[in-house]
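Scroll down for the structure; my scribbles are underneath it.
Rule-based calculations on the coordinates, nothing more; no lab input. Everything quoted here is computed from the prediction, not taken from an experiment. In this analysis, Cβ positions are derived from the backbone assuming ideal geometry, glycine residues included, and neighbour counts consider all displayed protein chains.
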Amino acid sequence: MSNIYRTKQSRRAGVLLIAPAVVFVGLFTLVPFLVMIWVSFHNWSLITPPKWVGLKNFEKAFSDRQFWISLTFTLKYTALLTPILMIGGYLIALLVAQNTPLRRVMRTVVFTPVVIGLGASSLLWYWLFATDAGLINKVLLDLGLISERVIWLGTDATRSNLAVIASITWKVIGFGMILFVAAIQSIDGEIIEASKIDGASFWQRVWHIILPLTLKTVLLVTLVSVIGSLLAFDQFYIMTAGQPRNQTATSVFYVYLNSFPYLKLGYGAALSLILAGIVLVFTVAQMMLSRRAQG
Amino acid sequence: MRTKTLGAVALLLTVALGGGASAQDLQMWERSGGNAPMVDALVAAWNEKNPDRKIVLTYIPHTEMVPKLAQAIASGEVPDLMGLDLIYGPQFTSAGQLEDITDYFKDDPTIATASPGHIKVATWEDRLYGVPLYADVSALFWNKDLFVKAGLDPEKPPTNLTELHDYAAKITGIEEGVYGYYLAGNCAGCNIFTFGPLIWASGGTIEPKDASDMALQGDAVPKVLEWARMMHKEGLINPANQAENGETFHLQFGSGKVGMMGTGNFNITLARDQNPGMNFGITLLPGLETGQVASFAGGDIVTVPKGSKRVEDAVDFMKFILSDEVQVEVYAKLLNMTTRGDMVDNKYYAEEPLIQDVAKAIQIGVTPYTLKFFELINSPQGPWLQMLQRVYYSDEPISEIIDSTRADMAAIVEE
């Protein structure tokens with residue numbers, strides 16, 4: 001009897017404990033998501049009543065040239081940025097993982113941009129890359145690395161993309177670094193000592209011991225980085241505005257344009273759902289990889 | 001001690017409540033930008049005369065104005081007065097989201113001389129939904145100092161696009177970083193404001209009126225586009241302009257590095273502040289032939305959204321800003337355009353020849369009328385900017401560019 005009582009009581013306590021999270025997720029994730037699905041089947045400008053169009057918004061998306069241009073560009077951006085953040089963040093983490101005063105300072109310096117808002121950092125880099133008044137052109141000219149000022153943003157898609165990647169690397173590389181440092185520091189010191197006694201070089205230790213033991217963190221950071229890159233918006237909205245000729249318009253930028261300035265909420269919702277599906281595929285693939293790594 | 005604490009709390013509450021809005025106040029939204037000093041002055045003048053029904057003004061970032069208004073309308077939380085970029089007038093009037101103010105103005109003589117471009121976009125099916133809040137017009141500014149250095153007559157601006165090209169060629173390179181002309185390479189709005197008039201003046205059209213109409217009509221269109229490509233190919237326009245997205249557009253003429261530039265009346269005081277010693281003149285933007293001129297008549301209309309409980313007070317504000325006194329003592333005094341054509345002869349303009357030159361533009365100003373202005377013209381992703389970038393920076397045949405732009409615009413209008 002008392003066992004049953006205890007079970008019922010603990011069940012009630014469990015329900016009460018998870019209730020805030022369930023309510024929060026329900027109200028702020030599930031309900032908006034269901035509303036978005038409903039909106040995606042309508043034409044709705046907010047200032048006129050919604051009109052049922054069935055699957056037309058989805059059909060339109062698949063024949064929309066700009067949608068595919070944006071999606072291809074977003075995947076390209078993700079493919080370029082992710083290795084830079086992963087390899088760069090990991091190398092910095094290897095350099096600063098030990099707890100010495102100088103390394104602590106270095107960790108703080110590299111991590112500081114992470115706490116700056118993405119909008120503010122994008123604006124900062126927009127001005128740093130400015131053709132006439134920008135510091136980057138000035139430094140490159142003074143060092144003799146360029147003979148005339150470079151137009152970094154808005155004229156050449158590859159150059160614009162690289163400029164944005166530079167700004168984002170500065171902004172978020174510290175996030176991966178700090179997680180990698182935590183993972184590296186959690187490795188048992190005796191394993192490292194034993195490998196040193198066995199004569200393993202630094203890079204052998206990294207490749208055969210540190211990397212395998214931190215693989216779970218690497219996969220987690222990769223997942224976060226890939227999702228962040230697939231949903232890139234602020235940096236391109238501010239630094240390139242999608243130019244030149246829409247070649248740097250990311251998928252989310254295109255969703256934003258349709259949903260708000262164009263007031264095509266239904267089409268924007270359909271595009272969002274397609275994008276969410278793509279992100280889901282990446283997430284599932286990486287979770288499977290992660291499980292395999294653990295197994 | 002407790003009394004002191006309570007006193008401090010009471011004082012804080014008094015200050016907080018005293019500084020905030022009261023129930024009698026009218027709420028007004030307006031987009032942010034260079035218009036702020038003008039609108040601030042109008043509201044201040046109203047508040048001084050109407051202390052019992054003051055206007056509380058809230059600025060919305062101009063890029064967020066349309067979605068913000070749409071959200072407000074959808075949620076029913078609308079302001080009493082709403083400043084609206086005039087090009088979006090048709091979108092909101094046709095959706096039935098603005099109060100019909102026709103009857104309030106049927107006996108008001110000021111409406112007859114109000115800026116025709118503003119009134120056109122504020123009218124839907126012969127009913128009036130707004131009045132001009134302020135006017136911006138585009139014109140050709142020329143730097144007389146650079147004209148002198150280039151051996152040109154500083155009192156003779158170009159009267160057609162051929163002359164404009166020839167003058168630009170003489171000015172370009174006379175000093176380091178000096179270019180003859182200016183066109184923004186990455187700013188749709190800047191181009192409809194300053195490049196659009198070159199097409200209109202020459203007899204061409206830009207956006208389609210409706211689904212049955214074709215975009216970019218007239219023999220002049222390919223000629224003007226060829227002219228623009230030539231200006232770029234010959235290096236008469238700074239290549240760095242390719243990145244100009246509108247952020248620094250208003251600062252270019254005042255830099256003293258540009259011989260001629262299409263810009264707006266707002267640039268008069270701005271250029272003087274930036275470069276007090278610079279001599280410059282203003283004329284109308286020319287077309288292919290001498291005598292052809294045009295301008296973009298922009299600015300904002302002030303409207304009353306459906307759901308406002310203060311329609312009569314809002315209409316009083318509209319009548320107030322159209323009154324003779326406000327036209328002269330607020331608009332003209334600040335060297336802004338008067339929004340009534342019959343008010344341009346005033347004491348403030350008489351002392352300022354440049355504003356008189358700009359005032360001529362409002363008489364011929366063109367305001368596009370379309371329900372899809374943002375998608376067609378203003379969007380950085382839209383066909384207008386895409387067309388211009390292909391013209392300015394590629395070697396694609398102009399005829400192909402025009403054909404594909406027509407198709408893109410038609411697809412948007414047909415939706």
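Going down the list A:Lys60/B:Lys209; A:Lys60/B:Lys372; B:Lys68/B:Lys106; B:Lys106/B:Lys209; B:Lys120/B:Lys144, which pairs span over 26 Å between their C-alpha atoms?
B:Lys68/B:Lys106; B:Lys106/B:Lys209; B:Lys120/B:Lys144
Placing +1 at every Lys and Arg Cβ and -1 at every Asp and Glu Cβ, with all other atoms neutral, what dipole size does the stretch A:1-135 have around its Cα centre, in debye to the nearest 20?
700
Round to the nearest 10 and give me the degree value, 0 to 90, for the angle of helix B:220-233's Cα axis relative to the longest principal axis of chain B.
80
Tally Lys/Arg at +1 and Asp/Glu at -1 over every other residue whose Cβ is under 15 Å from the Cβ of A:His42; what's the total?
Value of the local net charge: +2.
Positive end of the charge dipole of the protein assembly as shown (Lys, Arg +1 and Asp, Glu -1 on Cβ, about the Cα centre): tell me which of A:Ile136, A:Ala21, A:Ile274 has its Cα farthest that way.
A:Ala21
Put +1 on the Cβ of every Lys and Arg and -1 on every Asp and Glu Cβ in the stretch A:55-294; which of A:Thr158, A:Ile197, A:Ile92 then has its Cα farthest towards the positive end of the dipole?
Result: A:Thr158, furthest along the dipole toward the positive end.
Just want to confirm a number: the relative contact order over the stretch B:357-415, from Cα pairs under 8 angstrom separated by 6+ residues, in percent.
Averaging sequence separation for qualifying contacts and normalising by length gives 26 percent for the stretch B:357-415.
Could you compute how fast the stretch B:108-206 diffuses translationally, taking Rh as the Kirkwood radius over C-alpha pairs and applying Stokes-Einstein at 20 °C with viscosity 1.002 mPa s? Give it in µm² per second.
Diffusion coefficient, whole number: 129 µm²/s.
From zero outward in steps of 10 Å, how is the percent of C-alpha pairs of the protein assembly as shown spread across the bins?
3, 12, 20, 22, 19, 13, 7, 3, 1, 0, 0
Could you give the distance between the Cα centres of the stretch B:50-125 and the stretch A:20-71, to the whole Å?
Taking the Cα centre of each part, the stretch B:50-125 and the stretch A:20-71 sit 29 Å apart.
May I ask for the angle, rounded to the nearest 10°, between helix B:161-171 and the longest principal axis of chain B, with both axes built from Cα atoms and the value confined to 0 to 90°?
80
Given contacts defined as C-alpha pairs under 8 Å and at least six residues apart, what's the relative contact order of chain B, whole-number percent?
24
Compute the Rg/Rh shape ratio of chain A: radius of gyration over Kirkwood radius, all on alpha-carbon atoms.
1.06
So, in nm, how far is label A:Phe33 from label B:Ala36 when the simple model puts each one 7 Å beyond its Cα toward the Cβ?
For the pair A:Phe33/B:Ala36, the computed spacing is 4.1 nm.
Quick one: go through the stretch A:269-295 and flag any residue whose amide nitrogen is under 19 Å from the point 7 Å out along the Cα-to-Cβ line of A:Phe62.
A:269-281
Could you rank the peptides B:24-35, A:8-19, A:99-110, A:62-73 by their average count of other C-beta atoms within 10 Å per residue, with the highest value first?
Those peptides, ordered most packed to least, come out B:24-35, A:62-73, A:99-110, A:8-19.
Report the Stokes-Einstein translational diffusion coefficient (µm² s⁻¹, integer) for the stretch A:149-295, Rh taken as the Kirkwood radius over Cα pairs, at 37 °C with viscosity 0.692 mPa s.
180
Place a +1 charge on the Cβ of each Lys and Arg in chain B and a -1 charge on the Cβ of each Asp and Glu, then give the dipole magnitude about the Cα centre in debye, rounded to the nearest 20.
With only Lys, Arg, Asp and Glu charged at Cβ, the dipole is about 940 debye.
Where Lys and Arg each count +1 and Asp and Glu each count -1, what net charge lies around B:Ser75 among other residues with Cβ under 15 Å from its Cβ?
+1
With r defined as the distance between the Cβ atoms of A:Arg292 and A:Ala120 and R0 fixed at 35 Å, what FRET efficiency is calculated, to the nearest 0.05?
Using R0 = 35 Å, I get an efficiency of 0.35.
Can you list the equivalent-ellipsoid semi-axes of the stretch B:156-221, largest first and in whole Å, using the square root of 5 times each Cα gyration tensor eigenvalue?
After scaling each eigenvalue by five and taking roots: 29, 15, 8 Å.
Less than 13 Å Cβ to Cβ from A:Ser160, Lys/Arg counted +1 and Asp/Glu -1: what total charge do the surrounding residues give?
Around A:Ser160, the surrounding residues sum to +2.
At R0 = 56 Å, how high is the FRET efficiency between B:Asp210 and A:Thr108 if r is their beta carbon distance? Nearest 0.05 is fine.
The pair B:Asp210/A:Thr108 has a calculated efficiency of 0.40.
What GluC sites (Glu not before Pro) in the stretch B:213-288 are in a loop by DSSP, with at most 11 other Cβ atoms within 10 Å of the Cβ?
none
Please report, in whole Å³, the volume per residue of the convex hull around the C-alpha atoms of chain B.
About 172 Å³ per residue, rounded to a whole number.
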